[in-house]
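Structure first, then comments.
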């Protein structure tokens, strides 16, 4: 018998946890930068098209697959996929749903620890009186491990994640979601109002806050048909919804057989969109343009959202006076921390579900094993950050693996499991009537878009393979490959164990 007796305590907790899984650092740091780079206001057109034709369908599919697997006692993707078709290779493609969560968590927890550290430094007044150059040097020194603080906060973050996971879904993950998501939205609304209402000539501002919004959302329709813009929009949907990872499958696997997936998926998806499009767009860019001007921000966004979020905002907040600067810094990095931890907790659950299902491990042992794995795999990303290991993990696990697994699951669900059974699964116990046209979209349009995204990414993948940055990057690649192969072997052992015990769906 499996020791996996987890369950959600409430529907509200489930939806908030699912939304927390989707809402991450990219909502606030990546989305506004992608919009500026890809046509401003016109970017919202391919973005929403990809959300409706790829994001929502994948949410329906992943929630349905997870609940279907859960009915048969499976809480991780190798055997969720296996329950939908008995050909042996599916379970090994399902390994992506464990591999991706481990590999992403390995570097994501380090990034998450930055937000915890910066929240502390904001309250402690570390940035008070610093120049822009001083804040920039602080960040450079931090990621270069100029002190022991980054390692300390990283370990604190790892232990905190692991301890919460050891408390279970209802006693750990759900409680964090119920506290963290409302606070995230409250902090975000406060900072968004403050950013949008900036007035030129007051508190050092050179532009009104609305200038930043206009800069972000003024459309450039000349870019609307460029393939790279559509690829960027599709990529942002992957990042923002956490589809193609396996964490949604795991969360949904703890639903009851007739619990709704349609409305729950829509609720979590649209909550994430509100946070990203409304709040994410109204904080970083309006505040940065308000103080630095459009030309400087245009230059800074070329290096991504981290430059604005960590190198600039702690300095810009000082214009609001010492007390409000501390409050704003705590809120900004606090909301980033809540966005991060609700996502990283979701990454641990598929690994725990697999160990509990297949090897009958208790929850605490499974959680601390996950923590140990993340510690060992994450260490290279921490100690060789400047050598590109962090970015290498992010590219292969946080980009390529997501698309590969999404292609795998949509083909399995639509063409192998079949849309007749799939559509029935989506609508079983549904509190809303899913429009019939989504059946056509899921079977034809979503797979087509995903294949286009994958093919569009192939030149970059091949170039990446051919041009390793250095030996540290090569070692990181082999480490990720070894991780995938190792998980495949453990899944093989689990399958053999099932055969011996006579456990089959």
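Only counting other Cβ atoms within 10 Å, I'd like 364, 6 sorted with the fewest neighbours first. Don't skip to the answer; put the middle values down first.
Details: 364 15, 6 20.
Sorted ascending by nearby Cβ count, the order is 364, 6.
Compute the angle between helix 227-241 and the longest alpha-carbon principal axis of the chain, please, reported from 0 to 90 degrees and rounded to the nearest 10.
The answer is roughly 70 degrees.
Tell me the angle of helix 322-359 to the major Cα principal axis of the chain, expressed in degrees between 0 and 90 and rounded to the nearest ten.
Roughly 10 degrees, rounded to the nearest 10.
In degrees between 0 and 90, to the nearest 10, how far off the longest principal axis of the chain does helix 132-143 point, with axes built from Cα atoms?
Tilt relative to the chain: about 30 degrees.
Starting from the Cα coordinates of segment 1-103, work out the convex hull volume and express it per residue in Å³. Show your work: numbers first, answer last.
Working: hull volume 15.7 nm³, N = 103.
Looking at segment 1-103, the number lands at 152 Å³ per residue.
Round to a whole angstrom and tell me the spacing of the C-alpha centers of segment 440-505 and segment 240-307.
Going from one Cα centre to the other spans 24 Å.
Please arrange 126, 100, 199, 77 by how many other C-beta atoms lie within 10 Å of their C-beta, fewest to most. Walk me through the numbers on the way to the answer.
Values: 126 17, 100 27, 199 12, 77 37.
Result, fewest neighbours first: 199, 126, 100, 77.
Give me the distance between the Cα centres of segment 167-197 and segment 210-234, rounded to whole Å.
Distance between centres, Cα-based: 28 Å.
Please report 394, 420, 357, 137 as a ranked list, fewest other C-beta atoms within 10 angstrom at the top and most at the bottom. Present the calculation step by step, with values, prior to reporting the outcome.
Values: 394 17, 420 9, 357 24, 137 14.
Exposure proxy ranking, most exposed first: 420, 137, 394, 357.
Could you tell me how many cubic angstrom of Cα convex hull volume segment 349-451 has per residue?
Working: hull volume 16.4 nm³, N = 103.
In segment 349-451, the Cα convex hull volume per residue is 159 Å³.
Tell me the mean residue ellipticity at 222 nm calculated for the chain from its helices only (DSSP H runs of n ≥ 4, each -39500 (n - 2.57), averaged over every residue, nearest 500). Can you show the working numbers first?
Details: 27 runs with 353 residues, N = 505.
Calculated from helices alone, the mean residue ellipticity at 222 nm is -22000 deg cm²/dmol.
Readers should treat all values here as calculations from the given coordinates under stated rules, not as data from a laboratory. Computed from a predicted structure; not experimentally measured. All Cβ positions, even for glycine, are placed from backbone atoms using ideal geometry, and neighbour counts span all protein chains on display.
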